[in-house]
Amino acid sequence: MFHKFAEKIDQHFELETVDAHCDIPCGIYDPHQAQIGALTVIRMVDLIHSMVEEHGKGDTAEFINSMARYIATKEEHAEATKHEIRVIWGDFIKDAHLEEYPQLNGLVHKIMQLGSKARQTVNRETAVELLEAVNEFAAIFWQIKGKETQRVKAPYSVSEEIVVPIL
Amino acid sequence: MLRLLKVRGHSLFPDFREGDYVLTAGFPFPSGKIRAGDVIVFRQPGYGVLIKRVREVLEQGRAFDVRGTQVNSTDSRNFGPVSRDQISGKVIWHIRQK
């Protein structure tokens, strides 16, 4: 009750903040980039498969060029997904968070492995599994930040669900 | 003087969480001197307005060793003791999120 009251005062008067920060106080962390990366991996897998379905073996310059671009983008975004999660895990997550969410280390390790597998294969199931693991990470991240979350369909060419904060 | 402030960051987690509010009292503190274990708000050059817990009272109450709860908290291990004139208030009420 008191917190709700304080929030109302904050909304009206924009209270001064006091920092309880660690390292460089940038304070800007968000798993959204990792989710975008994972969605892009799914999209690239879809494009690769539809290219093969449409063009068969595909020995034209056009086919090879498009396929090379899809593969390069898949590689890049799978790695970007891993990078984003590593940064949040390494810089934002503290010992006390790991105690409160003992599954976090295992989850991050799973994301690293799925990210690598997504690079090695063109398996849609793996790509979706990567997104789901990142979503699970996002849900914990926003819980730590004190924000409620919801699952929404991504408004892109792939419409898998992503976990987003209710702001 | 009483001030209502909002906590940002995780240096005092899980005691204080981002989004909590604190009511602070300036000099003279209603509950007397600042003691070890008190949570204070102070201005630290280069860091802004910080909130930390007093670990140790130094120089007969003229300086304070302050700490966060995390290995990498930014505190007296980085910027040394906090002098009394840097302190703007002591937390007298912690308003937690649900």
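Coordinate-derived values only; no laboratory data. Keep in mind that this is a model prediction, so the values were computed, not measured. Positions of Cβ are backbone-derived with ideal geometry, glycine not excepted, and every protein chain shown enters the neighbour counts.
Per 10 Å bin, what is the whole-percent P(r) computed from every C-alpha pair distance within the protein assembly as shown?
The distribution over the protein assembly as shown is 7, 25, 25, 18, 13, 8, 4, 1, 0, given as percents.
For chain B, what does the relative contact order come out to in percent, with C-alpha contacts under 8 Å and a separation of six or more? If you can, show how the numbers build up before the last one.
Working: 197 pairs, mean separation 31.6, N = 98.
About 32 percent, as a whole number.
Using a 10 angstrom Cβ neighbour count of at most 16 plus a DSSP loop assignment to flag exposed GluC sites (Glu not before Pro), which longest range of chain A is free of such sites?
Longest stretch, sites excluded: A:17-147.
To the nearest 10 degrees, how steep is helix A:104-120 against the longest Cα principal axis of chain A, on a 0 to 90 scale?
20 degrees
Can you give me the long-range amide H partners of A:Ile93? Hydrogens built in the peptide plane at 1.01 Å from N, cutoff under 5 Å, separation of 5 or more residues or another chain.
Counting only residues 5 or more places away or on other chains, the set is empty.
What are the residues whose amide H is under 5 Å from the amide H of B:Trp93, where those residues sit 5 or more places off or on another chain and H is modelled from the backbone?
Long-range HN contacts for B:Trp93: B:Leu23.
May I ask which of A:Lys94/B:Lys33; A:Lys4/A:Lys94; A:Lys82/A:Lys147; A:Lys110/A:Lys145 have a Cα-Cα span longer than 25 Å here? Display every interim value, and only then the final one.
On the way: A:Lys94/B:Lys33 32 Å; A:Lys4/A:Lys94 27 Å; A:Lys82/A:Lys147 23 Å; A:Lys110/A:Lys145 22 Å.
Pairs exceeding 25 Å: A:Lys94/B:Lys33; A:Lys4/A:Lys94.
Could you tell me the relative contact order of chain A? Use alpha-carbon pairs under 8 Å, at least six residues apart, and round to a whole percent.
Values: 160 pairs, mean separation 41.1, N = 167.
The value is 25 percent.
Using only Cα atoms and rounding to the nearest 10 degrees, what angle (0 to 90) does helix A:2-13 make with the longest principal axis of chain A?
Approximately 80 degrees, to the nearest ten.
Based on other C-beta atoms within 10 Å, arrange A:Ile42, B:Ile87, B:Ile92 from fewest to most.
On the way: A:Ile42 24, B:Ile87 20, B:Ile92 15.
Going from sparsest to densest Cβ surroundings: B:Ile92, B:Ile87, A:Ile42.
When chain B is modelled as a GNM with alpha-carbon springs shorter than 10 Å, which of B:Gly80, B:Gly68, B:Gly48 fluctuates the most?
Taking springs between Cα atoms under 10 Å, the residue moving most is B:Gly48.
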